[in-house]
Amino acid sequence: MSQHRPHPAVERDDWAAALRASAARHLYVGHHLRTELFMGIKEVSCRCGAVELRIVGEPAAQLYCHCDDCQAAHGAAYVPVAIYPAQAVEVIKGNPSPMAANSLPRMRCAACGTHLFNEVESFGLRNINGYLLAKGEFKPQFHVQCEYAVLPVVDNLPHYKGLPAAFGGSNELVSW
């Protein structure tokens, strides 16, 4: 993402004026249309464009999840997740459909099936599918729920058996 100088209205905390005054940049990344209104706000969409999300601010954490719930929902061994406060993620186009899941309420596009986000209501968080972010924006910090890993993943990140202490876990690591 290129560096933008904030609009003067942003410096005055006049977000509505900044949104009206900012010139949107449209980027096509794969099948996703991305609109960057100004630094700190991004719009992402599902593969077909029927559902769009506006994300404000930076993620609280970015990680790879290996839990069996994510594996089942995505049909993958593990998934990239960008965690944001729930109020920072807004559906601005379309109507995401709930999908059956073991524990967390998950939302997807009814037309193309793209997984969009899941809700962690007890903590007021929305976990965004990391694949929705523009190339280079997903910067994982660690792996979680590695006790459910299909196969070992060897990289330079910490691999938590469950969750790190900051997320209510034990901080226990696995060593592949």
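The values are calculated or read from the model by the stated rules, or taken from the named source; none is laboratory data. Predicted model only: the values in this text are computed from it and were never measured. All Cβ positions, even for glycine, are placed from backbone atoms using ideal geometry, and neighbour counts span all protein chains on display.
Out of everything in the stretch 133-169 that is polar (S, T, N, Q) and closer than 10 Å to Tyr64 by Cα, what residue ends up being surrounded by the most Cβ atoms within 10 Å (Cβ to Cβ)? In this case the residue turns out to be Gln145. For Ile83, the requirement of being at pLDDT 95 or above and either touching a Cys at 6+ places or on another chain (Cβ under 7 Å) or farther than 16 Å from Pro140 by Cα (or both) is not met. Considering the conditions (1) more than 12 Å from the chain's Cα centre (by Cα); (2) in contact (Cβ under 8 Å) with a residue 24 or more places away in the chain; (3) not in a helix (DSSP H, G or I), Pro80 is excluded by exactly one of them, (1).
Taking residues in the stretch 108-137 that are part of a loop (DSSP other than H, G, I, E, B), and partners anywhere that are modelled with pLDDT of 95 or more and of a type in the set (Val, Ile, Thr), the pairs with Cβ atoms closer than 9 Å and at least 6 places apart or on different chains are Cys109/Val51; Ala110/Val51; Ala111/Val51; Cys112/Val51; Thr114/Val51; Leu133/Val44; Leu133/Ile55; Ala134/Val44.
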